[in-house]
Every structure is written in C-alpha cells, then in structure tokens.
2 protein chains.
Amino acid sequence: MDLMQTYGKMSEEYLKRKLSDLEGIYGEFRARGLKLDMSRGKPCKEQLDLSVEMLAYPYKDKDFKTASCADVRNYGLADGLPEAKELFAKMLEVSASEIILGNNSSLSMMYDTFSRAMIFGVYGSPEPWCRLPRVKFLCPSPGYDRHFAICELLNIEMITIDMRDDGPDMDTVERLAAEDDSIKGMWCTPKYSNPTGITYSDEVVDRLASMRTAAKDFRIFWDNAYVVHHLTDKPDRLKNILEACKNAGNPDRVFIFASTSKITFPGSGVAMMAASENNINLIRKQLGIRTIGPDKINQLRHVQFFKDIDGIEQHMIKHAEILKPKFDMVISILESRLGGKNIASWSRPNGGYFISFDTLPGCASAVVKMAGEAGVVFTPAGATYPYGRDPQDRNIRIAPSMPPIEDLKVAMELLCICVQIVSARKLLGD
Amino acid sequence: MDLMQTYGKMSEEYLKRKLSDLEGIYGEFRARGLKLDMSRGKPCKEQLDLSVEMLAYPYKDKDFKTASCADVRNYGLADGLPEAKELFAKMLEVSASEIILGNNSSLSMMYDTFSRAMIFGVYGSPEPWCRLPRVKFLCPSPGYDRHFAICELLNIEMITIDMRDDGPDMDTVERLAAEDDSIKGMWCTPKYSNPTGITYSDEVVDRLASMRTAAKDFRIFWDNAYVVHHLTDKPDRLKNILEACKNAGNPDRVFIFASTSKITFPGSGVAMMAASENNINLIRKQLGIRTIGPDKINQLRHVQFFKDIDGIEQHMIKHAEILKPKFDMVISILESRLGGKNIASWSRPNGGYFISFDTLPGCASAVVKMAGEAGVVFTPAGATYPYGRDPQDRNIRIAPSMPPIEDLKVAMELLCICVQIVSARKLLGD
C-alpha cells in the first residue's frame, strides 16, 4: 500500500501509474453527477432547528414591555434593547455602555463602520478617511473573503500579512503600522480564525494593543465571529482586547464585532459591536440620525430564549454536538487519504466553522476547479487572500457545517482524489 | 361669546381681559401636572396589537421554505425574499426587478443611499459626491425633521422650498435645479405629506419627472411613507413617479422609499426602496458586499400574514378606524376653539400621521414652550424646517396617533389656550 508514501519520493513510473488509477477514480466520481456545495460556512438545518422555539417569543407571552422599554414593537432605542445589551455585553466581556446592538448582520456593522470612517473619520481622526490620498489596511491571510471585499469596494489598499499558529506575523505588523501613517487599521478574526482555526495568543493580543502606530486613528477591526463557537469541551481562551488596549493606553484602538448568526439564525440573528465609550458615544450619535432603532422584538426574543450567558453556552454545546462529527469526519478522511504523503496540510481547530487546507504551492486553483467539474463546489481558491490572490496558490477553505455527513464524506473523498491528481501532475512536471 | 371673534379686531381692553382669563385657565392646566407626549408620529398600542398575530408566523407552520428560498433562516438573498418583493412591489406599483427589501427602517435605507452616493456616487455620477466642494439638496418645508437631519450630518446644504397645497413650489424647484449643478437632489414626502398632509398633484409629479436639472445625477428621494395610510374611504391618488420619470426620459431620477413601520411594527417592519433597474442593479451589487441578507424570517412573516396587497389594504382600514376618531377630535377642538379667530390655520388630511398647524408669524416657539411648561410635549417648533429654523416661526406639527383620545383632548385644549395667549400677547405688543 502506498497510502503513507511521500509523493516526492515515488519513481516517475510509479507516480504515472498511480496518476492513471486516480484519474480513473475521478472519472467515476464525475459520472455520478454530484451537486454539493462546500463553499460557505452556513449552519445546517439541524442547527437552525435548535433555535426555532425562539420564534414563539415574545408572541407566546404577548408581553412587549421590558423593565427598560415601554413597548419593544414601537420606535426607539437606536443602540439596542438594554436587556439584550446586558446579555451580549457579557458574551463579549465588555460593559453595557461599551456595546451597540444592530440588526441581523455584523458584516453590515463592519461595513457601516468603514462607511462612517470614510465620511466622518473615526473618534479622534484628524479628517475623514475619504479625504486622504490613500488608505491602507493590514490583512492577515488567509482570512475572511467578505472582509477583504469591503476594503476592495472602498478602494482601501490591502497589505497581506502572514498568519502563524498564534496569530498574524507581529514583527511585520508592528513594523508597517509604525512606519506608514496611511495604514489606518487591520482586520482580525482572532478566535477560531476564519479559515485557519487558530486563536491569537495573549502575547499577540498584547502586542496589537500596545504597538506604536503612525496613524493616530488606527483601528483594529476585531471580528470575534466565533466567540462562543467551540467544538470541544476544552475551548481556546482569547485575551480581552478591549482591556488590553485600555491597559496599554490605547483604549480607542479596537472595534469588536460579533453576532448570533451562527448561534440562532444566520439571516435573523442579532449583530453587535463593542468599543471604548469614546467610540461608542460618537457612533451612537451618528446612528441616531441613521435609524429609528434596530428590531427590538427580535432582540427581546433572544433575551427571553437564552435568559442569560449560561443559556447561550448551553445552546452552543448543542451546536457542537452537530458540528463535531462533521469536522471529525473531514479530518479523518484527510488523514487516511493524504496523511504522510507530503502533498497537503490542514488545520485541526477547536472551534469555528472552517478547516484550512494547504496544497503544494501552485495547486489550489486546479484542485478547486477539478472538484467543481465533478459537481462539488469549494470556496474559490485565492478567496481567502486580498484581491482573491493567494501568492502561493495553496489555500483551500473547507466548510463542513452545511452538508449532511454522507455528502460531506463524498465531497472529501473527491477532494483527496483531486489533490493527489493535481499534485502528481505537478511532480511529473505537467 | 367671543368664540368666533377675530382677535385682530378686538379692542385692546377687551383683549387684555380675555388674556387674563386665558392665563387663569392655563394656570389650572399647569396645576394638573400633565405629562403627555404629542411629539412623534408613533402608532398607539391598539394599532400595534393589530399585527401581533403576525408574530406567530412562520413559527406556527414551522415551514421556512418558500418557492424561491430553501430556508429563510439561513444566509442569502441580499436584496430580499422574492415572495416579499412581489408583495411590496405591488404596494409601490413597481415591478419586482425594481425593488430591494431591507431590514426594519426605511430611514436607514435613505441614509445608506446618501452614504453610498457620498462614497461612490449614484448610477451615472461623474464622481463621488464627497469629492465635490459642496452638495446641495432641495427641501420642501415644512417637511420631515429626520430627512433634514441626514443632510445636516452629511454636511449637505439644504435649500428650503415652500410647500403648497399641491406639492412644492415647482417654479422655484425648476429654476434652482436647472441653474445649479451642485444641487444633487430633493427630498419629497409626496403622499399625505409630513407634516402638511397634502398629496402632490399629477402636474407636480410630471414637472418633477421632466424638469431639466443641471446635475446629471440629480436624485429625488421620494419617501412614500404613507402610501397606503388612508384616513378616509376616498383616499388621495398619487401619480406613479417612476412611470412618469420613464415617460419623461429620466428613468434613473427617483429613489422611492417606504416601509411597513406604520403598517405592522415601527421597530420590526420591512423597509424597501424602489428605482429603475439601472439604479437597483448598482445598489444590489454594493449591498452584496455590505450584508449577508436582510431578515428573511421577518419578510416571510409579513407575506404569510398579509398574503396579498388586498390583505394590506384591509389591514390599513383597521388602522384608520383607530386613527380617524383621533384626527377628528383634534380638528373638531381646533375648529371650536380657534375657528374664525384668525390666529391660526391647520390641515385636514385624508391620510398620514400629522396635522400641520400654523400660528401667527413669530408665535410657534412660544406656544410649544408654554405647552411644554404645562407638561405637554409637542415637536419642537422649527423642527419641520432645515436646520430647525422656521423662517416665520409659525409651524407646529401635531401627531395625534399615540396618545389615548382623552389625553389628546386635554393636550389640544391646552394647545388652544397657549395659542390664544401667545397670539393675544403678540397683538398687544408684548
């Protein structure tokens, strides 16, 4: 058996024979007319069903009053229902005066934060960012494609920063932030990072909080999307960045974002942002002009369903029970089919929604294309890098959450065949 | 009885005696320690209760699929649930390809439309509006204070345009729009206008659609907030502006906004915008970067509750049954207390949320202040004008919807006393 044999050490003849076998298997996959989507980190139906009872609230009680709000159905409270702020402030480990609740999409809150920065600047900005000849952002990569798409739309120049096992390459981050005042900030997905699954170390958090930045209004966009999204009972711990920034004398440096999109419903959750009171007070003022308030009925629904932070944590255990077998299956197939072959590596995350998969350099696009031609859609290769360009063409983001486990198995078996074919062809110099 | 006597024709002595009587009555009001809020056009509890059964959907059926959407709970459909687009396109008399649905606030959609115009320009803009030395907007007034607040925040210079019984003063609008290319657009609340209650005539709609504008990217922000909000069974008809713009060869001129805020729930309705396909296609592209989709569960709730446009119309009759007696009461008190006195005039709208009340020039602020000191809050005088400055200090916006009818009666009696006192003092040269 060649299962554990390193591809690079195979003879050319052996490798050619092997390639021919693999192509045969690929042909069989193709003939099956598969139609599977592995591209987005969407919760599956069983996960969505976990929160369905929430939709009975507050209808069930027909009580639309809270201690702080005369009628949640009516106008008002542009920064959110106080009871919901209390709950989610606990989830983000900030105080209720440091949080604003929005509607259903934290991506919208991030976009709107950029949009305000362009038009008005952020708290303490000498001028609106749109007045500057250029604005640059540091983008640890692989990262989240939708973050990068916002920068691209707004014509913000993205600088790719390598991701390590403990977070972004901080030597480079510190050097660039200190020397270039057109670098106005940085994207981070600090916990169960999208897609690499790692959690920033305490040292990285402290260095981000305390580093010197040439721009006085430098902002870290801290997308804590997977704050309670553990896959194990030994969850990663992420150091509190807002505290770290305060301690370092840079209290206004960070905007924290999160949502219940992958706690309750992706389309109908509650999004939130947290920051220093200076930041929040300015944003609250601007928000009061933009909106008559977020959907407070939905916020009350969340409060009545979860009751407290413990309710959220218990709920996340149910998600993990659905997700963990899928992650385990993906990793087990990768290990059994590709382990020891030295043609790929992959992450083994303790939480989040993705497994990050690296091929040999120059192979990722071809692998995704091949899988697509056999009916299995993966996130486009390169999508996890600024401008969709993976400099090494290596990274593929695997999203195991959505497909049923039997489909997932088929998709992963196919992926492993494609990886081996593309790698063999590469090694053969095709 | 002096009820119908014109104040201006009273002798000074008589007027002084009358003033003294009125001040006595005001003192009695003040002693009652009232606490009433007449300031905002909020639906009352009975109106909110009309839609409560909606909150049972789609929970009741636990069916989250539609013909067009595999699971409304999940991500996707950034421009709205197709079934909901069909329904609301009928309400706005546009096609489903000309509408985008948002979350709960049409004000947010208006703000975001400005925000995009500042950063990117609108469809066909030679450059982003934020690059221009100045941007001006035409503001028919009295108008909606929150419209003006958006312009003020964005540093868009507002030009006050007089409101007539058939819409804005079109001679002035046409002249200014044609001569000044920094005038990029215009606010309109064309049906049951906030606050004057009038509906634009067909001629005004046609002139708006066909007028020459110096700015090639001139946009009418058409806030059709009260599109189905009739108070009588002989509702006003508003000519279809999008059709008129197409017929005039200016298909891209108008952005139409509306919401179900005053149909279902102010905090939890569905907001929408409509425009030409050129406009909508560009906005949809930008929206796809901003959001993972609006709250489609809430959109499905609305579709299941109303079923069709007839369902919406029937529902609005129930709102009218609650609102009409309040409007009638306000107008009847105004007529019986102030009629024939030549110190005030007021609107008698066929729909919408407001009665517009004009005092003698220079009296509105003093009246609102006096009423406030006796515990009844009206919208601040001037609020219905750009920068909060009513050039004649005459207009007061009366919002009869929220208070119970007995409170409304007290508030209006007090208002009539305050108006008479302030007018008498004015005529006496105080």
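Bear in mind that the values in this text are calculations on the coordinates, not laboratory data. These numbers were taken from a predicted model, which means no experiment stands behind them. Neighbour counts run over all protein chains shown; Cβ positions are idealised from the backbone, glycine included.
Quick rundown of the values:
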{"quantity": "Distance between the range A:208-265 and the range A:176-198 - C-alpha centres, whole angstrom", "calculated": "11 Å"}
{"quantity": "Kyte-Doolittle mean at least -1.0, axial Cα span of 27 Å or more - DSSP H helices of chain B", "calculated": "B:12-31, B:309-338, B:405-427"}
{"quantity": "Neighbour-count ranking [beta-carbon atoms within 10 angstrom, fewest first] of B:VAL205, A:VAL204, A:VAL52", "calculated": "A:VAL52, A:VAL204, B:VAL205"}
{"quantity": "Descending semi-axes in Å of the range B:163-309, equivalent ellipsoid built from Cα gyration tensor", "calculated": "28, 21, 12"}
{"quantity": "Positive-end extreme of charge dipole, chain A - chosen from A:TYR353, A:HIS147, A:ILE333 (charges on Cβ)", "calculated": "A:HIS147"}
{"quantity": "A:ALA56-A:SER95 FRET efficiency (beta carbon distance; Förster radius 35 Å; 0.05 resolution)", "calculated": "0.65"}
{"quantity": "Alpha-carbon gyration tensor eigenvalues x 5, square-rooted, for chain A, Å", "calculated": "40, 27, 17"}
{"quantity": "Alpha-carbon Debye profile of the range A:64-307, log10 I(q)/I(0) at 0.12 Å⁻¹", "calculated": "-0.66"}
{"quantity": "Cα convex hull volume per residue for the range B:37-142 (Å³)", "calculated": "192 Å³"}
{"quantity": "Reachable aspartates and glutamates, given that their alpha-carbon falls under 15 Å from the alpha-carbon of B:LYS184 and they are not under 8 places away in the same chain", "calculated": "B:GLU127, B:GLU152, B:GLU157, B:GLU174, B:ASP217, B:ASP252"}
{"quantity": "Label distances, nm, B:ASP202 versus same residue in remaining copies, Cβ-directed 7 Å point", "calculated": "7.7"}
{"quantity": "Footprinting exposure proxy for B:VAL270, A:VAL254 (fewest neighbouring C-beta atoms within 10 Å first)", "calculated": "A:VAL254, B:VAL270"}
{"quantity": "Whole-number D in µm²/s for the range A:312-430 (Stokes-Einstein; Kirkwood sum over Cα pairs; 37 °C, 0.692 mPa s)", "calculated": "222 µm²/s"}
{"quantity": "Cα centroid separation - the range A:366-425 against the range B:388-430, whole Å", "calculated": "69 Å"}
{"quantity": "Two-site FRET efficiency, B:LYS285 against A:GLN286, from Cβ-Cβ distance with R₀ of 25 Å, rounded to 0.05", "calculated": "0.50"}
{"quantity": "When each of B:LYS45/B:LYS191; A:LYS62/B:LYS262; A:LYS191/A:LYS216; A:LYS65/B:LYS35; B:LYS60/B:LYS326; A:LYS42/B:LYS85 is checked by Cα-Cα distance, pairs over 28 Å", "calculated": "B:LYS60/B:LYS326"}
{"quantity": "Normalised convex hull volume, the range B:1-41, alpha-carbon set, Å³ per residue", "calculated": "119 Å³"}
{"quantity": "P(r) of the range A:227-310 over all Cα-Cα pairs, binned every 5 Å from zero, in whole percent", "calculated": "3, 11, 16, 19, 20, 19, 9, 3, 1"}
{"quantity": "Inter-copy separations for A:LYS16, label at 7 Å along Cα-Cβ, nm, ascending", "calculated": "12.1"}
{"quantity": "Residues with amide H under 5 Å from that of B:GLY80, placed H, sequence gap 5 or more", "calculated": "B:LEU101"}
{"quantity": "Cα-based shape type of the protein assembly as shown, given that a ≥ b ≥ c are square roots of the gyration tensor eigenvalues and the cut on a/c is 1.5", "calculated": "prolate"}
{"quantity": "Of the trypsin sites (Lys or Arg not before Pro) in the range A:14-107, those whose Cβ has at most 15 other Cβ within 10 Å and which sit in DSSP loop", "calculated": "A:ARG32, A:LYS35, A:LYS60, A:LYS62, A:LYS65"}
